[in-house]
Every structure is written in C-alpha cells, then in structure tokens.
Amino acid sequence: MEGHASFLADPPPSPEVTAAYEADLTTDRYVNNHTRVWCWRPDVMTSFQALRGDFLARSGLTDREAAVMVVATAAARGDAYCSLAWGSTLTDLSDEATAAGVLRGFDDGLSEREAALAAWSRQVVQDPNATTNTDVDRLRDVGLNDLEIFEATTFIAFRLAFSTVNDALGARPDHQLAEKTPPLVREAVDFGRPV
C-alpha cells in the first residue's frame, strides 16, 4: 500500500470525479485520499455530503459541539484521518491542548454540555446497545433537549459511516493534512492508519 491513497486503485475518470478532485484542489490544494476512495461512487459522496451539511445547518448543535463529537468519535473509533482533520478544526474553535485532550479522552477545557456530548460519542462508538435512560438523562441534565439528543446521535452515526468506509478501504491520512495539523494534536493521534 506504500504510496497509494488506499487499497483501491483510483476511480476511472468521469466529469463527476474531475469535479470532486477540482473541488479538493480549490479548497485544500491537493486531492484528498478519502476523496479518491469515495469517487468510486461520486453520487453517493455528494449525497452524503449534502445530507450531512443540511443536517448540521438545521441542527441546534453548535459548530464547536459538532467538532467535539467528531474528534471524540474518531478517536474512540481509532480513525487517524478524521482525528487529524477534525483535531485541527477543534483547535481553531478552542485551542490545541483542548483538542489534543479530547483525542486522548480528557475533556478539560470543554463546557459541561460539550463534555457530555464527548462522553456520549465515545459510548455510542464503543457499545450503543449498552446505553440507558440514565445516559440520556445525563445529556438532558446539561441542557440538551430530545431533538438535540437525536441530532447528536445521528451525527455520530454519520461520522462512523464515513470513517468506516475510509478505514476499511485503507484510506491513509494525507501527508499535507498531517503537516498542517497542530503538533499536540498530531502527537495525540497515535492510532489508526499511518500517514
């Protein structure tokens, strides 16, 4: 796999693949390895992105809460790719030490609500069948209503689906991503596929 984006070859050229690659080049200045994987079905990738974007735009969850959940979910799942990407995003929305802490399972620097969402994310990843009414009540106790609890849980499931496809098909974190990731975050990501 050395030198390859994933276990799969690059998808055959098509207008949809070209558009996805050009979008990456515009935003990131390189084509992401996960984009190459998902471009085997660019229609599915586009639909998934649109659904996720619409979901968050209409959610009561803040950008920072979403970043906390992704970081906690990715780390609990052992997904280096999303941990690096979203660890950087959480750094921008908080600070480097907070983001690195969430990656390591420590929630110092988070509000009570954010810490509860991080804990819920880890629990959903590790054993969703073990959740109880008491666990959901803890989320209510920090101010989440039932709609927000549903949104948080659904968002975690979206992230798990994305990570599972990337990890199962061997999508390696991009070296460009790792190079721009803050040092404390990079050090905390000692799991998953190597860059």
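Name the residues in region 154-176 that are farther than 18 Å from TRP38 by Cα and either crowded, with 18+ Cβ neighbours inside 10 Å or more than 15 Å from the chain's Cα centre (by Cα) (or both), would you?
Taking region 154-176 and keeping what is farther than 18 Å from TRP38 by Cα, we get 154-156, 175-176.
Result: PHE155, ILE156, HIS175, GLN176.
Tallying residues that are without any contact (Cβ under 8 Å) to a residue 24 or more places away in the chain and among the small types (Gly, Ala, Ser) within region 49-66 yields 3. The single condition among (1) within 30 Å of PRO11 (Cβ to Cβ); (2) modelled with pLDDT under 95 that ASP43 does not meet is (2). Filtering region 67-89 for residues that are without any contact (Cβ under 8 Å) to a residue 24 or more places away in the chain and not polar (S, T, N, Q) leaves a non-empty set.
Do you know which residues across region 21-57 are among the aliphatic types (A, V, I, L, M), under 19 Å from GLY170 (Cβ atoms) and part of a helix (DSSP H, G or I)? Quick ask: steps written out before the conclusion?
Step one: of region 21-57, the residues among the aliphatic types (A, V, I, L, M) are 23, 25, 31, 37, 44-45, 50-51, 56-57.
Applying the additional criterion that residues be under 19 Å from GLY170 (Cβ atoms) yields 31, 37, 44-45.
Result: VAL37, VAL44, MET45.
I need every pair where a residue in region 176-195 that is in the same structural domain as VAL71 (by TED's automatic domain parsing) has its Cβ under 9 Å from the Cβ of a residue that is of a type in the set (Phe, Trp, Tyr) and surrounded by fewer than 18 Cβ atoms within 10 Å (Cβ to Cβ), sequence separation at least 6 or different chains. Hits for this filter: GLN176/TYR30; LEU177/TYR30. For the residues ALA97, ALA118, the requirement of being in a helix (DSSP H, G or I), crowded, with 23+ Cβ neighbours inside 10 Å and touching a residue at least 24 places away in the same chain (Cβ under 8 Å) singles out ALA118.
The values are calculated or read from the model by the stated rules, or taken from the named source; none is laboratory data. Quick caveat, the model's predicted, so the values are computed rather than measured. As a convention, Cβ positions derive from the backbone with ideal geometry for all residues, glycine included, and neighbour counts pool all protein chains shown.
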